[in-house]
């Protein structure tokens with residue numbers, strides 16, 4: 001993990017085990033299935049259904065500020081909280097929480113590399129049921145980081161721009177227009193390159209090595225010099 005450019009964004013299960021009882025640490029499980037969480041989870045972890053970071057109406061990429069603030073505080077995330085996010089789906093939803101927190105100016109958040117699988121593979125302690133959340137915290141939204149979000153207008157400008165690259169991380173069938181997944185139209189944004197996000201992780205749900213990631217990204221033209229738009 002020391003070879004990553006931003007190794008501070010990831011923690012492993014042993015690190016989390018050593019810091020689990022610290023007052024400033026809040027572990028959040030981004031869950032697709034409440035029942036799995038109730039049956040077993042990392043001790044002290046708080047359940048957060050994935051839809052909450054999209055907002056109650058589920059019409060936005062990210063919940064609007066008042067709703068986001070209320071949600072963060074309800075799960076015990078305050079201004080001084082170190083958030084460790086994990087999930088059971090190769091860090092897909094944990095990464096989304098990382099992004100939303102950074103969007104709202106809270107950069108003190110890390111992802112448990114390998115998620116639930118990495119914790120249980122080491123036979124570390126687990127607990128069941130729901131945790132009573134100490135939510136006597138305040139989450140302050142001082143600024144919104146618009147630089148980490150794209151939109152239709154930005155995508156239009158990126159098409160054909162030699163300094164930009166549009167990256168489609170969906171499945172092969174979605175990219176090729178075979179599977180709509182409920183969208184009104186099929187296919188992909190003109191000029192987009194395709195590399196499904198699942199190729200970035202190993203079978204054990206940990207992220208691939210820096211060398212492997214660099215080769216994968218370079219194979220579709222993703223470089224540090226480009227401004228990347230992801231969808």
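Rundown of residues vs (1) modelled with pLDDT under 95; (2) farther than 18 Å from residue 134 by Cα; (3) touching a helix residue (DSSP H, G or I) at 6+ places or on another chain (Cβ under 6 Å), yes/no style:
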{"site": "11", "(1), (2), (3)": "no, yes, no"}
{"site": "15", "(1), (2), (3)": "no, yes, no"}
{"site": "33", "(1), (2), (3)": "yes, yes, no"}
{"site": "46", "(1), (2), (3)": "no, no, no"}
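Looking at 94, 85, which is the one that is closer than 17 Å to residue 16 by Cβ, in contact with a strand residue (DSSP E or B) (Cβ under 8 Å, 6 or more places away or on another chain), without any contact (Cβ under 8 Å) to a residue 60 or more places away in the chain and surrounded by 22 or more Cβ atoms within 10 Å (Cβ to Cβ)? Step through it out loud before you land on a result.
Numbers: 94 fails: without any contact (Cβ under 8 Å) to a residue 60 or more places away in the chain.
Only one candidate passes the filter, namely 85.
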Study note, to complete from the structure: Scanning the range 32-75 residue by residue, those part of a loop (DSSP other than H, G, I, E, B), closer than 20 Å to residue 95 by Cβ and in contact (Cβ under 8 Å) with a residue 60 or more places away in the chain turn out to be 32, 42, 45, 61, 62, 75
Practice item. Kindly indicate whether residue 191 is part of a loop (DSSP other than H, G, I, E, B), surrounded by 12 or more Cβ atoms within 10 Å (Cβ to Cβ) and in contact with a strand residue (DSSP E or B) (Cβ under 9 Å, 6 or more places away or on another chain). Key: yes
**Study point:** Identity of the residue in the range 178-188, in contact with a helix residue (DSSP H, G or I) (Cβ under 7 Å, 6 or more places away or on another chain) and at pLDDT below 95, that ends up surrounded by the fewest Cβ atoms within 10 Å (Cβ to Cβ)
**Key:** 181
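Condition (residue is in a loop (DSSP other than H, G, I, E, B) and in the same structural domain as residue 140 (by TED's automatic domain parsing)) applied to the range 14-21: is it met by at least one residue?
Narrowing the range 14-21 to residues in a loop (DSSP other than H, G, I, E, B): 20-21.
Going one step further and asking which of them are in the same structural domain as residue 140 (by TED's automatic domain parsing), we end up with 20-21.
Scanning the range 14-21 turns up at least one residue that is in a loop (DSSP other than H, G, I, E, B) and in the same structural domain as residue 140 (by TED's automatic domain parsing).
Every residue in the range 111-132 that is over 11 Å from residue 42 (Cβ atoms) and surrounded by fewer than 15 Cβ atoms within 10 Å (Cβ to Cβ), please.
Pass one, the range 111-132, residues over 11 Å from residue 42 (Cβ atoms): 111, 113-114, 117, 121-123, 128-130, 132.
Across the range 111-132, the qualifying residues are 121, 122, 123, 128, 129, 130, 132.
Considering only residues that are under 30 Å from residue 14 (Cα atoms) and touching a helix residue (DSSP H, G or I) at 6+ places or on another chain (Cβ under 9 Å), which ones fall in the range 203-231?
Residues of the range 203-231 that are under 30 Å from residue 14 (Cα atoms), as a first pass: 203-217.
Across the range 203-231, the qualifying residues are 204, 205, 206, 207, 208, 212, 213, 216, 217.
Collect the residues in the range 145-158 that are in a loop (DSSP other than H, G, I, E, B) and either in contact with a helix residue (DSSP H, G or I) (Cβ under 9 Å, 6 or more places away or on another chain) or exposed (fewer than 10 other Cβ atoms within 10 Å of the Cβ) (or both), keeping them in residue-number order.
Let us first name the residues in the range 145-158 that are in a loop (DSSP other than H, G, I, E, B), namely 145, 149-151.
Within the range 145-158, 145, 149, 150 meet the criteria.
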Practice item. Hey, can you tell me all the residues within the range 121-144 that are out of contact with any helix residue (DSSP H, G or I) (no Cβ under 9 Å at 6 or more places or on another chain) and either outside any loop (DSSP other than H, G, I, E, B) or at pLDDT 95 or above (or both)? Key: 123, 127
**Study point:** Of the criteria (1) over 28 Å from residue 120 (Cα atoms); (2) modelled with pLDDT of 95 or more; (3) surrounded by fewer than 20 Cβ atoms within 10 Å (Cβ to Cβ), which one residue 108 fails
**Key:** (1)
Check your understanding: Among the candidates 165, 216, which residue alone is surrounded by 16 or more Cβ atoms within 10 Å (Cβ to Cβ) and outside any loop (DSSP other than H, G, I, E, B)?
Key -> 165
**Study point:** Subset of the range 17-31 that is within 18 Å of the chain's Cα centre (by Cα) and either surrounded by fewer than 21 Cβ atoms within 10 Å (Cβ to Cβ) or modelled with pLDDT under 95 (or both) - its residue that is farthest from residue 214 (Cα to Cα)
**Key:** 25
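The values are calculated or read from the model by the stated rules, or taken from the named source; none is laboratory data. Predicted, not measured: the structure shown is a model, and the values here were computed from it. Positions of Cβ are backbone-derived with ideal geometry, glycine not excepted, and every protein chain shown enters the neighbour counts.
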